[in-house]
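Novice: Take a look at the following structure, please.
Nothing in this text is a laboratory measurement; each read-out follows from the coordinates by a stated rule. These figures come from a predicted structure and were not determined experimentally. Methodologically, a virtual Cβ is constructed for each residue, glycine included, from the backbone with ideal geometry; neighbour enumeration extends over all protein chains shown.
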Amino acid sequence: MKSAGASGETPTDFPQAGGHWLFGHAAQMMSATHLVPAEVAAGHGGAAWFRVLHKRFLAVSDPELVRQVLVTRHEKYERSFHYRNMQAVVGHGLLSTDGPFWLKRRRQILPAFRLDGLQRMAPAAQAATKAMLDHWAAECRAGRPIRAISETQHLSLAVIGRALLSADIDRDSSARFGAIVRDGLYWLRRRNTSLFMPPPWMPTGANRHLRRTRRLMDDYVNAHISERHGCPVKHDILETMRAVREPDGSVALDDAALRDESKTLFIAGFETTATSLAWMLYALASRPELVEQIHDELSQVLAGDAPDLESMKRLPLTQATINETMRFYPSVYHVSRQAIEDDEFNGRQIPRGSQLLLSIFGMHRDPALWGDPDAFRPQRFMEAGWPSQAFMPFIIGKHACIGNHFAMIEMTIALAMIVQRYRLELADPAPVGMIARITLAPDRDISLRLVPR
Ligand code: HEM
């Protein structure tokens, strides 16, 4: 292994990937953000430095090093500045903080997301999926195709709305609220990827958009929180968070904390789940044989019912299809961390201050770990010996997605209810590409024809 110190000031033993002498990998990061860390790491045995203009990043796809950063030596790393930037919209919530503040919050909120705490979430997902299917029935009667991304965005918002706030977010309000959330995510990404990051008080376009998103989301969530004072107890995540107490019995999360965490759950859970669901519909519409096999499994186990937390465990092919969707199209394609202490990996130095990009996409597509990784084949998850150490759509360790069960329940219910009612066909057979925005999204909306069973 050759020694490589990119700037000469921070010598390290990790290789340095080539790139444009001035811009480094800036152009490639603009056009295919998900591919650069994956390819740089894969081309150099699992970890290598690369440069975007003057900024250096350590691209990592070696699952052992990813585990070290996220689990075994997590205390040497913290979330990078990208996450703090989210405070412009969500304030201080689970996704935008780290350290002792985050840890206390995580412990307070976790019970609402444990499987037993999510018992009531399944009916919310069933009701929202049924509403979507009723809309599909009308579209189908009118001979109109549906658009996958628009549909899954409505569904995802409707499920979070019901489970978090007991709010019935209809299609019109979901379109309006979804546009607000997406606008915020878009400007956050613009801010995170721009060369100059203006301070929040500067009257720039990005700051204006972010302030507007924050205000509109605050208004929406605050209305639900203030409605709760003195009203009968509701059975939702907001109520579980309201019930959290400090050891001395006082209220743990005041209204500002409830607002910030509620906004965080919308921001973290909306687009991620909607994108995964859209890819799942695309994968199904492209594979009629797989759909029939899933249909057989559903008929045997559910006999026409919607799945619940119990019956879900008896749907191996359905679960494997969701896993394969998230392996193939990981909606969170990489996560970033900063070393706050010196570290090393197999003798190679990771100096304090290093910015790491842990490539989920790279791990999920590594041919050294997965047989035929560029083939969509759910059955791989039903075979013994699949590389579980390299499968982490929700990451691992202390920041592992708090909504992972929530998302899995939502996707299983949606998949089961859709396949029991319809066969799907691609209205436009041209292949759909991937585009890395906030999530790894389809590069165009996917038009699907519905064929009733
Ligand atoms: C397919 C859907 C989803 C995927 C792929 C996903 C993925 C992830 C990943 C990779 C992280 C780690 C971010 C980091 O620290 O770098 C994360 C964190 C988080 N996710 Fe998800 N997520 C999904 C759905 C959801 C849902 C439905 C919710 C809530 C309703 C949610 C809430 C959160 C929260 C609050 C965090 C921050 C956790 C913490 O640091 O304590 N996610 N998610």
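Novice: Evaluate the Debye formula for segment 254-379 with equal point scatterers sitting on the alpha carbons, no solvent, and hand back log10 of I(q)/I(0) at q = 0.18, 0.19 Å⁻¹, in q order, two decimals.
Specialist: -1.08, -1.12
Novice: Does segment 209-286 come out rounded, prolate or oblate by the C-alpha gyration tensor, with a ≥ b ≥ c the root eigenvalues, rounded set by a/c under 1.5 and, if not, prolate when a/b is larger than b/c and oblate if not? List each step's numbers first, then the result.
Specialist: Details: a/c = 2.60, a/b = 1.82, b/c = 1.43.
Prolate shape, in that a/c is at least 1.5 and a/b is the bigger ratio.
Novice: In segment 63-198, how does Rg compare with the Kirkwood Rh, expressed as the Rg/Rh ratio over alpha carbon atoms? Walk me through the intermediate numbers first.
Specialist: On the way: Rg = 19.1 Å, Rh = 18.1 Å.
Rg divided by Rh gives 1.06.
Novice: Let me ask you something else. Counting Lys and Arg as +1 and Asp and Glu as -1, what is the net charge of the other residues whose Cβ lies under 13 Å from the Cβ of G269? All intermediate terms of the calculation are to be shown ahead of the outcome.
Specialist: On the way: positive: R162, K263; negative: E261, E271, E410.
Net charge in that neighbourhood comes out at -1.
Novice: Can you work out the base-10 log of I(q)/I(0) for segment 1-152 at q = 0.13, 0.14, 0.17 1/Å, using the Debye formula on its C-alpha atoms alone?
Specialist: -0.91, -0.97, -1.09
Novice: Lys and Arg at +1, Asp and Glu at -1: add these up for the other residues within a Cβ distance under 10 Å of A163 and post the number.
Specialist: Values: positive: R120, R162; negative: D236, E410.
Counting the neighbours of A163, the net charge comes to 0.
Novice: Taking the alpha-carbon centroid of each part, what is the distance from segment 49-128 to segment 234-248 in angstrom?
Specialist: Between the Cα centre of segment 49-128 and that of segment 234-248, the gap is 22 Å.
Novice: In segment 294-368, which GluC sites (Glu not before Pro) fall in coil by DSSP and have 14 or fewer other Cβ atoms within 10 Å?
Specialist: Numbers: sites: E297, E310, E324, E341, E344; in loops: E310, E341.
Qualifying residues, ordered by number: E310, E341.
Novice: Another question about this same structure. Limiting things to C-alpha atoms, what are the Rg and the maximum Cα-Cα separation (Dmax) for the chain, in angstroms?
Specialist: For the chain, the Cα radius of gyration and maximum Cα-Cα distance read 22.2, 67 Å.
Novice: Let me ask something additional. For the chain, what are the DSSP H helices with axial Cα length of 15 Å or more and mean Kyte-Doolittle hydropathy of at least -1.0? Mind dumping the intermediate values first?
Specialist: Values: long enough: 99-113 (21 Å, -0.39); 121-141 (30 Å, -0.04); 148-165 (25 Å, 0.91); 171-193 (32 Å, -0.87); 205-228 (35 Å, -1.35); 255-285 (44 Å, 0.46); 288-302 (20 Å, -0.15); 316-328 (17 Å, -0.30); 404-421 (26 Å, 0.92).
Helices meeting the criterion: 99-113, 121-141, 148-165, 171-193, 255-285, 288-302, 316-328, 404-421.
Novice: Please list, in chain and number order, the residues 5+ apart from Q349 or on another chain whose amide H is under 5 Å from its amide H, with Hs placed from the backbone.
Specialist: Long-range HN contacts for Q349: D13, F14.
Novice: Could you state, as a whole-number percent, how many of the C-alpha pairs of segment 303-453 are farther apart than 21 Å?
Specialist: 58 percent
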